[in-house]
Amino acid sequence: MTAPPRKAETPSNIHRVLQPEGWKQPLGYANGIEARGRILFIGGQIGWNARCEFETDDFVAQVRQTLLNIVDVLKAGGAGPHHITSMTWYFTDKKEYVDNLRAIGQAYREVIGRHFPAMAAMQVVALVEDRAKIEIQATAVVPE
């Protein structure tokens with residue numbers, strides 16, 4: 001006997017966005033996400049390649065590489081970007097982050113898509129790797 005085909009996973013059927021009534025809709029993130037399943041914790045990723053080498057000091061390029069690194073870790077866990085439930089962004093220069101929001105958004109949509117988990121972002125004094133300008137930590141939930 002063959003099992004029926006599984007319904008394709010989309011953010012709308014594996015996670016529920018928590019949006020309090022009367023709150024303004026956030027742009028580029030969710031206020032909260034509800035999810036059930038297998039949890040993946042993605043350690044802080046930075047903008048270097050698989051050989052732990054920086055290819056650029058450009059902020060947006062490091063953001064893009066950081067996001068690609070997150071996607072690679074997700075794949076290793078049998079997940080994809082649409083499984084991400086939360087992200088925490090750490091950057092070394094708030095002005096550089098704010099001045100590049102449009103390009104960051106474009107890189108995000110190209111790598112992650114139009115999936116917007118709960119997020120926090122903050123400026124930090126430094127990251128462990130001196131050339132790193134961004135570090136992103138993520139959590140994903142994959143349905144059982």
Among (1) modelled with pLDDT of 95 or more; (2) under 22 Å from Asn31 (Cα atoms); (3) surrounded by 18 or more Cβ atoms within 10 Å (Cβ to Cβ), Val98 falls short only on (3)
Regarding the range 110-132, can at least one residue be identified that is surrounded by 12 or more Cβ atoms within 10 Å (Cβ to Cβ), of a type in the set (Gly, Ala, Ser), under 30 Å from Pro20 (Cα atoms) and without any contact (Cβ under 8 Å) to a residue 60 or more places away in the chain?
yes
Pairing a residue in the range 35-60 that is on the phi > 0 side of the Ramachandran plot with any residue that is among the β-branched types (Val, Ile, Thr) and surrounded by 15 or more Cβ atoms within 10 Å (Cβ to Cβ), where Cβ atoms lie under 7 Å and the two sit 6 or more apart in sequence or on different chains, gives Gly37/Val141; Gly37/Val142
Inside the range 77-109, the number of residues satisfying the requirement of being small (Gly, Ala, Ser) and in a loop (DSSP other than H, G, I, E, B) is 4
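The values are calculated or read from the model by the stated rules, or taken from the named source; none is laboratory data. Everything numeric in this text was worked out from a predicted model, so none of it was measured. Neighbour counts are summed over all protein chains in view; Cβ atoms, including those assigned to glycine, are modelled from backbone coordinates with ideal geometry.
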